[in-house]
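Asks: Take this structure, written in structure tokens, and hold onto it; I'll ask about it next.
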Amino acid sequence: MTHEDWMQQALTLARWAAVQGEIPVGAVLVRDGVLLAEGWNQPVTCHDPSAHAELMALRAGGQVLHNYRLPGTTLYVTLEPCPMCAGAMIHARIDALVFGAFDPKTGAAGSAFDLLGDARHNHRITVTGGVLAADCAQVLQDFFRQRRRKSAARYTGGAGKV
């Protein structure tokens with residue numbers, strides 16, 4: 001499968017997160033062309049600020065491999081990871097990160113921060129960004145547009161135009 005194929009799977013998970021009222025981010029963890037684990041944003045559902053899609057996939061991958069180290073794996077995620085998730089990827093020793101949409105506010109793979117490219121770390125992760133970026137960004141934009149509409153409707157009693 002190609003980067004685009006795996007990212008499509010991550011997009012499916014992102015859409016599932018949106019249905020659950022979570023910010024729509026999805027992730028899949030792959031090794032040797034085989035899906036090991038998947039995750040989607042669940043901080044609201046799990047009452048856990050660390051339940052980001054990337055961490056959910058890394059946790060599940062660790063359970064599958066019976067190890068917190070995940071060498072030889074590639075993590076596909078629909079949004080550039082935040083600093084927390086980037087740190088977890090370094091500790092997990094994944095080989096590669098492939099992400100979709102760039103996050104200029106909190107992205108830690110080169111947009112706002114470059115934690116994964118910092119030479120002070122003892123582990124290097126190959127980073128590929130922008131895979132299906134438009135599709136990944138659209139899922140996020142649609143989610144927040146819908147959320148703003150619902151919020152505006154509450155303030156206008158549902159009668160106002162948005």
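Asks: From F113, F102, which residue is under 13 Å from the mean Cα position of the chain (by Cα) and open to solvent by 70 Å² or more (accessible area, probe 1.4 Å)? Working first, answer last.
Replies: Values: F113 fails: under 13 Å from the mean Cα position of the chain (by Cα).
Just a single option satisfies the conditions, and that option is F102.
Asks: Taking interchain pairs and intrachain pairs at least six residues apart, which have beta carbon atoms under 7 angstrom, with the first residue in the stretch 118-146 and closer than 17 Å to P104 by Cα and the second of a type in the set (S, T, N, Q)?
Replies: C136/T78; V139/T78
Asks: Let me ask something else. Can you find a residue that is assigned to a loop (DSSP other than H, G, I, E, B) and either charged (D, E, K, R) or closer than 17 Å to A53 by Cα (or both) anywhere in the stretch 144-162? Step through it out loud before you land on a result.
Replies: The initial filter retains those residues of the stretch 144-162 that are assigned to a loop (DSSP other than H, G, I, E, B), namely 157-162.
Next cut, either charged (D, E, K, R) or closer than 17 Å to A53 by Cα (or both) only: 161.
Yes, that holds for at least one residue.
The values are calculated or read from the model by the stated rules, or taken from the named source; none is laboratory data. Nothing here was measured: the structure is a model prediction, and the numbers come from that model. A quick note on method: Cβ atoms are made from the backbone with ideal geometry, for glycine too, and the neighbour counts reach across all protein chains shown. The accessibility values were calculated without ligands, DNA or RNA, using every heavy atom of the protein model including side chains. Shrake-Rupley method; radii C 1.70, N 1.55, O 1.52, S 1.80 Å.
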